[in-house]
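Below you'll find the structure, written out as structure tokens, and then a few comments.
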Amino acid sequence: MRVTFLGTSAGMPTIERSLPAVVLTTTNWREALLFDCGEGTQVRLRQSGIKPGKLSRIFISHLHADHVTGLLGLLLTLQMLGRDTPLYLYGPPGLRRYLETSRSLLQSGWAYPTPVQEMSEAGLVVEGPGYTVTCDLLEHGVPTLGYRVREADRPGTLDADRAVELGVPKGPLMGVLQSGEPVTTATGRVVRPEEVLGPTRPGRRVAYCTDTRPCPADLRLAQDVDLLIHEGTFASNMAEDAARKGHSTVTEAARVARDAGARRLAITHVSPRYSDPELLRAEAAEVFPNTTVVSDLQVLELPAR
């Protein structure tokens, strides 16, 4: 599983940082999931090597400009590239009207389907091939969604020697067993997966929480995740500003990761006032050591559990 950070700034772009956008891909899914689409997203997509046409679903956290200003341009580019397959869009109430109004005023559009699903409460967003996405309501002063991606559990490791002993030849039937399906040998014996597979391997989990104050929904989304992507707009000496503006400090983000039992924390949505991310990382690491303050085009690999 690869998490590619396309934009990591807050509020406005800088020379080094574009506005919020994160792509999630795995070798098992024939698609890519995009979370938020700030200004500069399609440029960063090209720089990352991720083909825009691979995007299958876009999840918008909220309708503040820095999280959606890249969406229209991306949709129009996909039209010029000849896309004809649906691109599914998810977000808070108002997303559909934003797209329809912009499309009308621009007197331009796209021919491929763009179904929009608006969520106003916590729950299941979509069940895709090999994963599910759920959402919860964050605290930011406007309707804001946090997302949680859960990869489907996978069958345990195959004991190939044991399978051979039971009469299964090396080859395609081994793959069938590994996928969790029974097979029939040449002698007519049915070999069941539980006879040759180890314990089920749990799928990986990723939470995306920005923009938000620390809150109960934050903790629910982050519970036991392999990676918590969380905003850390300010250093802790600006805690009052963070609270007033509906944001989190890096220390508050670290507390969420610690209290939720996350395995790793990636801090994004960094205020342009900070030029040295190491200062922010060190501050967060005092609370949660496995912290990274991510930069544009940085890729985090999540190993299997």
Looking at the range 148-230, what helices (runs of 4 or more DSSP H) fall wholly within it and have at least 3 residues that are open to solvent by 20 Å² or more (accessible area, probe 1.4 Å)? 160-165, 172-178, 216-222
Within the range 148-171, which residues are touching a helix residue (DSSP H, G or I) at 6+ places or on another chain (Cβ under 7 Å) and either among the aromatic types (Phe, Trp, Tyr) or under 23 Å from Ile58 (Cβ atoms) (or both)? Arg148
Restrict the check to the range 275-293 and report whether at least one residue is in contact (Cβ under 8 Å) with a residue 60 or more places away in the chain, crowded, with 16+ Cβ neighbours inside 10 Å, farther than 21 Å from Val133 by Cα and touching a Ser or Thr at 6+ places or on another chain (Cβ under 6 Å). no
Can you name the residue in the range 57-116 that is over 22 Å from Asp211 (Cβ atoms), charged (D, E, K, R) and at pLDDT 95 or above and, of all such residues, is least open to solvent (accessible area, probe 1.4 Å)? Arg83
Taking the criterion of being of a type outside the set (Phe, Trp, Tyr) and closer than 30 Å to Arg273 by Cβ, would at least one residue in the range 193-207 satisfy it? yes
Residue count for the range 234-255, restricted to those that are more than 21 Å from the chain's Cα centre (by Cα), of a type in the set (D, E, K, R) and open to solvent by 50 Å² or more (accessible area, probe 1.4 Å): 3
Look at the range 64-113 and say how many of its residues are out of contact with any Ser or Thr (no Cβ under 7 Å at 6 or more places or on another chain), among the hydroxyl-bearing types (Ser, Thr, Tyr) and farther than 27 Å from Ala10 by Cβ. 3
List every residue pair whose Cβ atoms sit under 9 Å apart, with the two residues 6 or more apart in sequence or on different chains, where the first one lies in the range 83-108 and is free of Cβ contacts under 8 Å to residues at least 60 places away in the same chain and the second, anywhere, is of a type in the set (Lys, Arg) and open to solvent by 70 Å² or more (accessible area, probe 1.4 Å). Leu89/Arg96
Give the residue that is surrounded by the most Cβ atoms within 10 Å (Cβ to Cβ), with candidates limited to residues of the range 117-129 that are of a type in the set (A, V, I, L, M, F, W, C) and not in a strand (DSSP E or B). Met119
Out of all the residues in the range 256-267, is one or more surrounded by fewer than 15 Cβ atoms within 10 Å (Cβ to Cβ) and aliphatic (A, V, I, L, M)? no
Those residues of the range 14-48 which are more than 18 Å from Leu302 (Cβ to Cβ), open to solvent by 30 Å² or more (accessible area, probe 1.4 Å) and without any contact (Cβ under 8 Å) to a residue 60 or more places away in the chain, in sequence order: Ile15, Glu39, Gln42, Val43, Arg46
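The values are calculated or read from the model by the stated rules, or taken from the named source; none is laboratory data. Only a predicted model underlies this, so the values are computations on that prediction, with no experimental measurement involved. Here the Cβ is made from the backbone with ideal geometry for all residues, glycine too, and neighbour counts use every protein chain on show. We work out accessible area using only protein heavy atoms, side chains counted, and drop any ligands, DNA or RNA first. Shrake-Rupley method; radii C 1.70, N 1.55, O 1.52, S 1.80 Å.
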